[in-house]
């Protein structure tokens, strides 16, 4: 088994190419094991997926302890690096966010998503200077732990449609470059979807770019050609799984047949075998 430091170094090196890093986000141990068994070298979590699976809507309503407990379970079950979506860090202050990072590292993770959305409509984004200070404190702490913790700094300018449309690209570049200067290892701009915007982000940013893969976004090979370093797919797999559950429910009620959960399902023995191969 690799040490946590070795896993952190592996994750950091995967951001240096030559291939794009693809992260299919998990929401529990079973999904993490299936993705790893399918050949993905890194496990990422979806904050929305984890929250929904535990009965919460998305938006930092789940407690830090509950979120980290799921990350801990996943980190024990997979052999590769784990990076966790920790929303805005589960704390208003830099010290509170650093405490989240401490617990996350203790849980076995070697990276995290860290967003600047507040969840408050009257103040949708944290001040840039405030976010920069938090990132500096995170990196100071992780350096003291001797782990090259991979911080994926996210801005929600596009996602929340902050300001006039004509100004969003420059606003995003300004924020993400400030986060990179503060120590962030990768830069995330969800809802930057068009090839033109993505290309301009790649050219304008000083660090590696993470794009959210979803309907309407260029394919992974196309993103790689555009110069994107990392693509994640957020809560998409979890919502797709719940869409199947909804279709199964509809079939059982309407026709009483079993086609929806019989076709394409992982067999009972195959899924048990995947779980049995969990390293811990």
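The values are calculated or read from the model by the stated rules, or taken from the named source; none is laboratory data. This one's a predicted model, so the numbers in the text were calculated from it and none came from an experiment. Using ideal geometry, Cβ is built from the backbone for each residue, glycine included, and neighbour counts are taken over all protein chains shown.
Taking the conditions (1) closer than 26 Å to residue 180 by Cβ; (2) over 15 Å from the mean Cα position of the chain (by Cα); (3) part of a helix (DSSP H, G or I); (4) touching a residue at least 60 places away in the same chain (Cβ under 8 Å) in turn, residue 95 satisfies each one other than (4).
Condition check ((1) surrounded by fewer than 14 Cβ atoms within 10 Å (Cβ to Cβ); (2) more than 19 Å from the chain's Cα centre (by Cα)) across all residues:
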site	(1), (2)
84	no, no
103	no, no
110	no, no
123	yes, yes
135	no, no
145	no, yes
156	no, no
163	yes, yes
166	yes, yes
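What is the residue count in the stretch 112-155 for residues that are in contact with a helix residue (DSSP H, G or I) (Cβ under 9 Å, 6 or more places away or on another chain), within 23 Å of residue 234 (Cβ to Cβ) and outside any strand (DSSP E or B)? Qualifying residue count for the region: 8. Of the helices (runs of 4 or more DSSP H) contained entirely in the stretch 185-278, those carrying at least 3 residues that are within 21 Å of the chain's Cα centre (by Cα) fall at 195-204, 220-226, 236-254. Whenever a residue of the stretch 201-212 is more than 15 Å from residue 191 (Cα to Cα), its partners that are not in a helix (DSSP H, G or I), lying with C-beta atoms within less than 6 angstrom and at least six residues away or across chains, give the pairs 205/187; 207/187; 208/186; 208/229. List the residue pairs whose Cβ atoms are under 9 Å apart, where the first residue sits in the stretch 57-71 and is in contact (Cβ under 8 Å) with a residue 60 or more places away in the chain and on the phi > 0 side of the Ramachandran plot, the second is part of a loop (DSSP other than H, G, I, E, B) and crowded, with 18+ Cβ neighbours inside 10 Å, and the two are 6 or more positions apart or on different chains. Going by the 9 Å Cβ cut-off, the qualifying pairs are 59/87.
Note on the stretch 177-197: residues that are in contact with a strand residue (DSSP E or B) (Cβ under 8 Å, 6 or more places away or on another chain) and either free of Cβ contacts under 8 Å to residues at least 12 places away in the same chain or under 15 Å from residue 88 (Cα atoms) (or both) total 6.
Just so you know, in the stretch 12-29 the residues that are surrounded by fewer than 17 Cβ atoms within 10 Å (Cβ to Cβ) and at negative phi include one that is modelled with the lowest pLDDT, and it is 18. Residue 80 fulfils the conditions (1) within 25 Å of residue 213 (Cα to Cα); (2) surrounded by fewer than 22 Cβ atoms within 10 Å (Cβ to Cβ); (3) out of contact with any strand residue (DSSP E or B) (no Cβ under 7 Å at 6 or more places or on another chain) except for a single criterion, (3). Evaluating residue 200 against the criteria (1) farther than 29 Å from residue 51 by Cα; (2) touching a strand residue (DSSP E or B) at 6+ places or on another chain (Cβ under 9 Å) leaves one unmet condition, (2). Take residue 6 and tell me if it is more than 21 Å from residue 187 (Cβ to Cβ) and free of Cβ contacts under 8 Å to residues at least 12 places away in the same chain. Yes. Close contacts from the stretch 221-246, counting a first residue that is closer than 20 Å to residue 43 by Cα and a second that is surrounded by fewer than 14 Cβ atoms within 10 Å (Cβ to Cβ) and at pLDDT below 95, with Cβ to Cβ under 8 Å and a gap of 6+ residues or different chains, come to 229/17.
Of the residues making up the stretch 215-238, just one is within 26 Å of residue 56 (Cα to Cα) and exposed (fewer than 15 other Cβ atoms within 10 Å of the Cβ), namely 215.
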